[in-house]
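Working notes for the structure below.
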Amino acid sequence: MKLVFAGTPEVAVPALDALIASGRHEVAAVVTRPDAPAGRGRRLVASPVAERAEEAGIEVLKPARPRDEDFLARLWEIAPDCCPVVAYGALLPKAALDIPARGWVNLHFSLLPAWRGAAPVQHAVMSGDEVTGASTFLIEEGLDSGPVYGVLTEEVRPTDTSGDLLTRLAFAGSGLLAATMDGIEDGTLHAVPQPAEGVTLAPKITVEDAQVQWSAPALRVDRLIRACTPAPGAWTLFRGERLKLVQATPAVDRSELAPGELSVGKNNVFVGTGSHAVELLWVQPQGKKPMRAADWARGVRIAAGELVGS
């Protein structure tokens with residue numbers, strides 16, 4: 001088939017690579033989000049998918065909005081048979097959905113109908129799911145509600161951050177997407193409607209959502225920190241400034257601390273929660289680079305009974 005691939009962040013690159021490497025289909029063009037400011041200089045930088053496509057000599061389309069007439073006209077000219085999608089980042093209008101004869105097929109990082117939305121991996125970690133996965137489905141106008149072509153499962157490990165889990169799913173899912181394209185092309189794969197039961201939503205995790213509430217149990221605090229790593233980054237307040245919590249672990253043998261209360265040893269920093277404590281391993285003070293929590297604690301000279309949190 002002639003394909004137009006849509007994707008933007010680094011997590012979409014393995015799928016693009018898999019489709020290029022398959023040799024069975026032609027990746028005629030790539031659709032990605034416009035260049036965005038990045039770094040201290042805030043200069044415009046192309047998306048990881050755009051950079052990879054340019055390296056491969058593939059045409060790159062960067063519409064400000066997928067409903068733009070110039071973009072739709074170019075898509076009609078290319079006349080793709082199918083448009084595989086991974087984390088594109090914009091809502092596709094019906095005018096775009098109607099162009100490829102075999103539709104737009106999304107690789108979504110959950111076992112649909114669970115965790116429909118922008119942040120399925122973060123919500124799976126935050127909710128304590130033991131198993132998650134990836135699904136390929138035909139995009140409809142509803143939110144991740146289209147019929148499913150294929151799935152794979154992936155264990156959620158006890159120490160997984162969202163970044164860890166998403167990396168594994170991106171590489172495993174690239175094979176699933178390539179196999180889905182093959183099955184659609186040869187007619188051996190047919191989409192099956194999603195069940196009406198088991199629908200859960202996974203909206204974007206905001207910076208406000210990522211603030212740790214120390215009155216919560218340690219297990220919930222641990223899940224929040226892992227779910228928000230690397231983005232948007234879990235945080236708390238210390239002496240009126242944000243302290244990013246890069247890595248922590250439950251400390252089941254420490255239960256004497258009040259919620260938010262700090263306890264500093266020679267090489268350890270503990271914080272009380274609504275149950276037992278958590279040990280801070282890595283933190284990032286405002287305006288500084290990540291550092292070991294013990295080094296941070298020595299530098300700020302924490303007083304006995306001092307608290308984090310609002």
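The values are calculated or read from the model by the stated rules, or taken from the named source; none is laboratory data. Bear in mind that the values here come from a model prediction, so they are computed numbers and not experimental data. Because the Cβ atoms are built from the backbone with ideal geometry, glycine has one as well, and the counts that use them run over all protein chains shown. We work out accessible area using only protein heavy atoms, side chains counted, and drop any ligands, DNA or RNA first. Shrake-Rupley method; radii C 1.70, N 1.55, O 1.52, S 1.80 Å.
Within the range 156-179, how many residues are more than 16 Å from the chain's Cα centre (by Cα) and not hydroxyl-bearing (Ser, Thr, Tyr)? Residues that pass the stated criteria total 7. Counting only helices (runs of 4 or more DSSP H) that sit wholly inside the range 2-90, those with at least 3 residues that are among the small types (Gly, Ala, Ser) are 13-22. For Ser255, are the conditions met, namely being touching a Gly at 6+ places or on another chain (Cβ under 7 Å) and either polar (S, T, N, Q) or closer than 16 Å to Ala134 by Cβ (or both)? Against the criterion (touching a Gly at 6+ places or on another chain (Cβ under 7 Å) and either polar (S, T, N, Q) or closer than 16 Å to Ala134 by Cβ (or both)), Ser255 does not qualify. Checking each residue in the range 130-148 for being part of a loop (DSSP other than H, G, I, E, B) and closer than 12 Å to Pro193 by Cα picks out Ile139, Glu140, Asp144, Ser145, Gly146, Pro147. Taking residues in the range 231-259 that are at positive phi, and partners anywhere that are open to solvent by 50 Å² or more (accessible area, probe 1.4 Å) and of a type outside the set (Asp, Glu), the pairs with Cβ atoms closer than 7 Å and at least 6 places apart or on different chains are Gly233/Lys244.
From the residues in the range 27-47 that are of a type in the set (D, E, K, R) and under 21 Å from Leu92 (Cβ atoms), which one is nearest to the chain's Cα centre (by Cα)? Checking each candidate, the answer is Arg33. Within the range 288-301, identify whether any single residue is more than 19 Å from the chain's Cα centre (by Cα) and touching a residue at least 60 places away in the same chain (Cβ under 8 Å), and answer yes or no. Yes, there is a match, as at least one residue in the range 288-301 is more than 19 Å from the chain's Cα centre (by Cα) and touching a residue at least 60 places away in the same chain (Cβ under 8 Å).
Take Leu177 and decide whether it is crowded, with 17+ Cβ neighbours inside 10 Å, of a type outside the set (Gly, Ala, Ser), touching a Phe, Trp or Tyr at 6+ places or on another chain (Cβ under 9 Å) and touching a residue at least 40 places away in the same chain (Cβ under 8 Å). No. Going residue by residue through the range 213-223, is there one that turns out to be open to solvent by 30 Å² or more (accessible area, probe 1.4 Å), more than 23 Å from Ala119 (Cβ to Cβ) and either of a type in the set (Gly, Ala, Ser) or touching a residue at least 40 places away in the same chain (Cβ under 8 Å) (or both)? Looking through the range 213-223, at least one residue is open to solvent by 30 Å² or more (accessible area, probe 1.4 Å), more than 23 Å from Ala119 (Cβ to Cβ) and either of a type in the set (Gly, Ala, Ser) or touching a residue at least 40 places away in the same chain (Cβ under 8 Å) (or both). Out of all the residues in the range 87-100, is one or more out of contact with any Asp or Glu (no Cβ under 8 Å at 6 or more places or on another chain), charged (D, E, K, R) and open to solvent by 10 Å² or more (accessible area, probe 1.4 Å)? The answer is yes; a qualifying residue exists.
Scanning the range 32-77 for residues that are under 23 Å from Asp98 (Cβ atoms), in contact (Cβ under 8 Å) with a residue 12 or more places away in the chain and open to solvent by 50 Å² or more (accessible area, probe 1.4 Å) yields a total of 8. Inside the range 3-18, residues that are open to solvent by less than 60 Å² (accessible area, probe 1.4 Å) and over 16 Å from Leu61 (Cβ atoms) make up a count of 7.
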